[in-house]
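Have a look at the structure below before the remarks.
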Amino acid sequence: MIPESLATVGYLFAAILFIQALAGLSNQETARRGNIYGIVGMVIAIAVTIGIVADLAWAWAIGPVVAGATIGVLWASTVPMTSMPQMVAILNSFVGLGAVFVSYSSFLDPPAGLTGVEQTIHDIEVYVDVTVGALTFTGSVIAYGKLGGMIRSQPVLVPGRHLLNLVVLGVVVGAGVPFVGEMSAANLMWLSLNAGLAGLLGLHMVMAIGGADMPVVVSLLNSYSGWAAAAAGFLLSNDLLIITGALVGSSGAILSYIMCRGMNRSLTNVILGGWGTQAGGGSSEGGEDQGDATSVETDEVVQALRGAERVVIVPGYGMAVAGAQHAVSRLTDKLRDAGVEVRFAIHPVAGRMPGHMNVLLAEADVPYDIVDELEVANRSLGETDVALVVGANDIVNPDAVDDPSTPIYGMPQIEVWNAKRVVIVKRSLSPGYAGVPNPLFYRDNTWMYFGDATDRVEDLLAAID
Amino acid sequence: MVMRIGVPAETAPGERRVAATPRTVDLWIRDGFEVSVESGLGDGADIPDEAYREAGADVIDDAESVWADADILVKVRAPRQRSDGRHEAGLLAEGAVLISLIDPARNEDLIDMLAERGATVLALDQVPRITRAQSVDVLSSMASIAGYRAVIEAASHYGRFFGARSTAAGSSPPAEVMVIGAGVAGLAAIATARELGAQVKAFDVRPTVETEVESLGARFLELDIPREGAEGEGGYAAEMDDAFIEKEMELFRREVPETDIVITTAAIPGKAAPTLVTNEMVASMRPGSVIVDLAAETGGNCEATESGEASEFEGVQILGFTDLTSRLPTQASDYFGRNVSNLFRFLGDADGFEVDAEDEVIRGMMVLERGQDRWPPPEPAAPSPSDEPSESAAEQAETSAPAPAAQQEDRTGLALPVAIASAVALLVLIGLYAPASFVQHLTVFVLACFVGWRVIWDVTSSLHTPLMSVTNAISGIIIVGGIIQVTQGASWATLLLGAAAVFVASINIFGGFWVTQRMLGMFRAEGSGKGGGQ
């Protein structure tokens, strides 16, 4: 058993290393070092914890670690990058589950010598941690299912769902009163009712959200998992847990905020109702010069790309679905070898989780320094000869910029229409997740290059030689 | 019954703009309307009748039948007395919808006449200044044309180059241009003068426009007194006190003599324009200098302005043209027509046409509804400063569009005090009742949130996915909670729960760090070789 002050210092050191791990992510060069900091911090944290537990039941600690480590490493080394959103979702769920376990166990075996207010606070902490943990757990499991295609991604909207949520929330709070109130045998029942209902709430909430709103859900659950860990820290009077939980919680909160801003919607709006569920607003159909879309064949696209000085590629979720990133990367290499300047433009909410497109492109060996964010990309689209849109739709919709009646009005867009020519690789003219028609398809300088993203890009590769 | 839109020729002298271009007509036809335009409508804007006919309109020689047959009548100027003595308002069909500039504050007689016809009237000069309505805002699109044209007029009356030029004979300095009022017209004037190569300085009482002015490459003239008071309730400038006006005048007295071109754009809708450039200041300018007064129609910002005329005062030319937009008729008609067709997005197509008074934009523009007086519209529920940063103190008629961001700030502006108050209350309660240890943890928690907040904002967006996986890994720190619980003396239940927590947390820790490392390995910069994935 190590002295308490040494343990505190050890935790402090671990906390600093965790902060460094996150700070390292501010750019690609320092990111890997940051991850090592994180690992070292974790090792210190675990060592210190083992040090302060006088009579550790070693078998009970080592066994699960070995099992968990095996599963974790195997999984992490085999998961394809397209499945990262699912992986993050399920890891979020584990934190929630862990928090529930820890709270239950602290409830069954409370620290000795709690009196009066301390007891009350401990009870509240147990209760809140179980609520947040259970909600995170079920919500993340559903998100995992939806992202992995095991559950249909479409929002499932129960009639009167807001009322249902409110009632469930009311019962959760209500059941907390007798739980905190006095010691009784019924307390375990109240706590389990809480766990069940909070779980239901998480499940229901995520079921009602789908498709392009998933990046927000994933970041939000990431945030919850942090708050669950922080709550466990309060419960166990463990500052390291509190700090780490707060870091993770703020991280998820900021990501959710960035995602919402990327769609010009408020968090409440995302959680309470998707685009698909809003009254459509004045659809712009017929309002814009619709005309006919121009469908083109491989030869024409190749000619346009060959003749271009500057090409900007705009990837969307469609690219991830088709697994086209490798083909896109090879196309990029070919064009660059031929002296064409190629850049990528990434919308904050492209894909199914924050930064998803960047990871896919990195996996396909696209150098990160030719990948631009929205604002940077928009500045130079005017000098671009060809904008190649691969599997994206709602992020390249001119109506969002100049038609106030469309539901996505105000959502920042990659303004590909400023390029001399826009080539859109897409299966059909159907609208995207937001369900709004895209007048870009019908513009004079837009070419529709219909088909599966991978097939079409492969066609381009074959023809460009 | 098919709805018919009528566009009669403009009868006001010197008015060369039209309310609908062939493009507008084309959109109407697609929306299922029938359209009749008066023959010769587009003469002033160089649009031949043939172009309208091609777009699908019926071109009709007789103005009266254009008026009488229209369910919806669209024009630029408010109806007026015609040369044959009949008033256009009397030609309007019973119960028809009229869409045009109206200026309801100064045209009560006209409104009475229209009310007798049972008309529904939408005034294009009353478009509410909200984000949704920007695409309909005729005043703002016309202002930007007027600002451009003002500079062109100034350049053609000015005896020198605007930009600096070097020739074998020697070089000439750039013209010094001063723009008073940086609303839409002012900003357009600044941009145009800069494009011609002039040096531009601008003044506005609203400090908020400083960055816009500077972003166009102009110098923003500062008053050497605090300007907090300049923007008052509802974005309208507070009544300027004498000291402020004196400082403003002093600034003008100092700057105007060194200026070659002065362009004033300060007008208050429905009121006389404030006098900002006195005769004394005009006299102090070099001979050959030019003043363009965009507020000439409402009395002018310059004391010597003669409305509608070009005049001369002490060797300085003063242009008080009130038809600047008609001097760019094709462009102005194009913008006007676009604004009008954007308005139809709010009104619907031929089948769904409805003047919906519930809609904020429509309600704001509505002067009459089936003959009933509807003007002025009720005050918006909570007019907020940032919502309408427009007509300001020293009196801008027009303004830059209120950005969506402004509305957001506004919302937090209300929510913030409430949030702070409840946070303070909560903290006081905790301080009073909670034990010391809890407060200590709370301190750590709050500080950690702030650190997290700071650190995470620095994370580059391309690494957001690794950020999430690494936070997954470190939130596996919950393992600490599990380890603490698995002790020799613990009950079976506690042991099992603790071990389960350790198990799931381990997946997180190992899986999270591992996959992060793998991902980060993939990110490579240009030329750093193919850094393989695994």
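The values are calculated or read from the model by the stated rules, or taken from the named source; none is laboratory data. Computed from a predicted structure; not experimentally measured. Reconstructed Cβ throughout: ideal geometry from the backbone, glycine too, with neighbour counts over all protein chains shown. To get the accessible areas, we keep the full protein, side chains included, count just its heavy atoms, and leave off ligands, DNA and RNA. Shrake-Rupley method; radii C 1.70, N 1.55, O 1.52, S 1.80 Å.
Take the conditions (1) within 14 Å of the chain's Cα centre (by Cα); (2) under 21 Å from A:TYR317 (Cα atoms); (3) at the interface with chain B (Cβ under 8 Å from one of its Cβ atoms); A:ALA212 misses just one of them, which is (3).
Looking only at the stretch B:488-497, filter to residues that are at the interface with another protein chain (Cβ under 7 Å from one of its Cβ atoms) and at pLDDT below 90; which one of those is nearest to A:VAL53 (Cα to Cα)? Once the filter is applied, the top-ranked residue is B:GLN488.
Count of the stretch A:54-85 residues, restricted to those that are more than 18 Å from A:GLY148 (Cβ to Cβ), of a type in the set (A, V, I, L, M, F, W, C) and free of Cβ contacts under 8 Å to residues at least 12 places away in the same chain, is 12. For the stretch A:228-243, a residue qualifies if it is closer than 17 Å to A:ILE52 by Cβ and not small (Gly, Ala, Ser), and the qualifying residues are A:LEU235, A:LEU236, A:ASN238, A:ASP239, A:LEU240, A:LEU241, A:ILE242, A:ILE243. Applying the condition of being in a helix (DSSP H, G or I) and within 8 Å of chain A (Cβ to nearest Cβ) to the stretch B:424-441 and asking which residue is most open to solvent (accessible area, probe 1.4 Å) yields B:TYR433. Among the residues here, B:VAL470 qualifies as buried (at least 24 other Cβ atoms within 10 Å of the Cβ), under 21 Å from A:MET357 (Cβ atoms) and at pLDDT 90 or above.
Against the conditions (1) in contact (Cβ under 8 Å) with a residue 40 or more places away in the chain; (2) outside any helix (DSSP H, G or I); (3) among the hydrophobic types (A, V, I, L, M, F, W, C), A:VAL342 satisfies every one except (1). Quick check: anything in the stretch B:54-77 of a type in the set (Asp, Glu), open to solvent by less than 40 Å² (accessible area, probe 1.4 Å) and under 27 Å from B:TRP375 (Cβ atoms)? Looking for residues that are of a type in the set (Asp, Glu), open to solvent by less than 40 Å² (accessible area, probe 1.4 Å) and under 27 Å from B:TRP375 (Cβ atoms), one finds none in the stretch B:54-77, hence no. Kindly evaluate A:THR332 against the criterion of being assigned to a loop (DSSP other than H, G, I, E, B) and more than 23 Å from the chain's Cα centre (by Cα). When the stated conditions are applied, A:THR332 does not pass them.
Among the residues of the stretch B:306-353, those that are open to solvent by 40 Å² or more (accessible area, probe 1.4 Å) and assigned to a strand (DSSP E or B) comprise B:ALA310, B:GLU312, B:PHE313, B:GLN317.
If a residue counts only when it is open to solvent by less than 10 Å² (accessible area, probe 1.4 Å) and among the aliphatic types (A, V, I, L, M), which helices (runs of 4 or more DSSP H) contained entirely in the stretch A:355-420 have at least 2 such residues? Ranges flagged: A:356-363. Taken over the stretch A:410-428, the criterion of being touching a Ser or Thr at 6+ places or on another chain (Cβ under 9 Å) and within 24 Å of A:LEU267 (Cβ to Cβ) is satisfied by A:GLY410 alone. Within the set A:TRP60, A:TRP75, the sole residue that is open to solvent by 60 Å² or more (accessible area, probe 1.4 Å), over 22 Å from A:PHE234 (Cα atoms) and modelled with pLDDT under 90 turns out to be A:TRP60.
Counting only residues that are more than 27 Å from the chain's Cα centre (by Cα) and open to solvent by 20 Å² or more (accessible area, probe 1.4 Å), which one in the stretch A:429-450 is modelled with the lowest pLDDT? Filtering first and then ranking leaves A:LEU429.
Just to be sure before I move on: is A:GLY96 closer than 17 Å to A:LEU241 by Cβ and facing another protein chain (nearest Cβ under 10 Å) in the structure I sent? Criteria met by A:GLY96. Test B:PHE510 against the stated conditions and say whether it is at the interface with chain A (Cβ under 7 Å from one of its Cβ atoms), under 30 Å from A:ASP365 (Cα atoms) and open to solvent by 10 Å² or more (accessible area, probe 1.4 Å). Taking the combined requirement at face value, the residue satisfies it. Return the residue satisfying two criteria in turn: it lies in the stretch A:335-378 and is of a type in the set (D, E, K, R) and within 7 Å of another protein chain (Cβ to nearest Cβ), and of such residues it is nearest to A:ASN393 (Cα to Cα). Per the criteria, the residue is A:GLU373. Taking the stretch A:194-249 as the range and being acidic (Asp, Glu) and surrounded by fewer than 24 Cβ atoms within 10 Å (Cβ to Cβ) as the test, only A:ASP239 passes. Of the residues making up the stretch A:3-56, those that are assigned to a loop (DSSP other than H, G, I, E, B), surrounded by fewer than 15 Cβ atoms within 10 Å (Cβ to Cβ) and either of a type in the set (A, V, I, L, M, F, W, C) or more than 9 Å from chain B (Cβ to nearest Cβ) (or both) are A:PRO3, A:ALA54. Restricting the stretch A:102-113 to residues that are under 12 Å from B:ILE484 (Cβ atoms) and crowded, with 18+ Cβ neighbours inside 10 Å, which is modelled with the lowest pLDDT? Per the stated criteria, the residue is A:ASP109.
Evaluate the stretch B:44-54: report whether one residue or more is more than 23 Å from B:SER326 (Cα to Cα), assigned by TED's automatic domain parsing to the domain that holds B:GLN81 and in contact with a Pro (Cβ under 8 Å, 6 or more places away or on another chain). The answer is yes; a qualifying residue exists.
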